[in-house]
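Each remark here refers to the structure printed beneath this line.
None of the figures in this text is laboratory data; all of them are computed from the coordinates on show. Since the structure is predicted, the reported quantities are computational estimates derived from the model, not experimental observations. Using ideal geometry, Cβ is built from the backbone for each residue, glycine included, and neighbour counts are taken over all protein chains shown.
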Amino acid sequence: MDTVAVIDFETTGLSPAMGDRATEVAVVIVENGKIVDRYQSLMNTGAYIPPFIESLTGISNAMLSKAPPAAEVMHALAEFVGDVPLVAHNASFDSKFLDAEWLRINRRRQQAFACSMLLARRIYPTALDHKLGTLVRHLGLPSAARAHRALADAEMTAHLWLKMVSDIKRQYGLDAVPHSLLCAVQKAPKAQIRHCMDQVRHKFESGM
């Protein structure tokens, strides 16, 4: 199994293009089927947290006033993650904030994101919906006491990722499920998923 970095951001809103900023980031490293390391920090960008977001996350403006500067956190995050492939639940959201915050320190992301939400839609079509909390309950995975905090959500996503990899191996008879395969599967129409899996199996069987 590929080593991956599962990342989650809490933010002041939905879009960095609209001026929203990250307020907290967490990453868990998944290696050999288990979580082996963690990084988490609040980050002070000087941005204001609206009351609705504060009630959702529990992160207050007072908390951020005592947090380390965003640039310091982003440098530490970049060093922690390195070039490890990335995973997030609703990766289109987290990737935008990661790219925006890294751009502020003149860093550009090189590695791809896999999206556990897009993958879950293809692998677990009978789930009530594909929100992280719903999938955790649907699959009986470890849950967090408090959702909508970065480390709790990153850890739940990591457990979901491990479950998906395990289920794909069993369902499609694969010995390995590389990050690159799941990046392809998340974009594939449901009717083509079997074909993607067969291609990977053939590649491994032929020793390529």
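Mind checking the angle between helix 193-205 and the chain's longest principal axis? C-alpha axes, 0 to 90 degrees, to the nearest 10.
With both axes taken from Cα atoms, the answer is about 70 degrees.
Based on the alpha carbons, how large is the Rg to Rh ratio for region 36-100 when Rh follows Kirkwood?
0.98
Beyond 20 Å, what share of the Cα-Cα pairs of the chain is found? Please give it as a whole percent.
57
Mind ranking 129-139, 105-115 by how tightly packed they are, going by the mean number of other C-beta atoms within 10 angstrom, highest first?
Top to bottom by mean Cβ count within 10 Å: 129-139, 105-115.
Can you give the translational diffusion coefficient of region 16-68 in µm²/s, computed by Stokes-Einstein from the Kirkwood radius over Cα pairs at 10 °C and 1.306 mPa s?
Reported coefficient: 126 µm²/s.
Leaving out same-chain residues fewer than 8 places away, which aspartates and glutamates sit with a Cα under 17 Å from that of Lys131?
Hits, sequence-local ones excluded: Asp8, Glu10, Asp94, Asp153, Glu155.
Starting with the highest mean, order 85-96, 117-128 by the number of other Cβ atoms within 10 Å, averaged over the residues of each peptide.
Those peptides, ordered most packed to least, come out 85-96, 117-128.
Report the calculated FRET efficiency for Lys190 and Phe80 (r = Cβ-Cβ distance, R0 = 30 Å), to the nearest 0.05.
The formula returns an efficiency of 0.30 here.
Give me the extension gain from Gln171 to Leu128: residue separation times 0.36 nm, minus the current Cα-Cα distance, reported in nm with one decimal.
13.4 nm
Let's test the formula: R0 of 25 Å, r as the Cβ-Cβ distance of Arg121 and Ser143. What FRET efficiency results, to the nearest 0.05?
0.75
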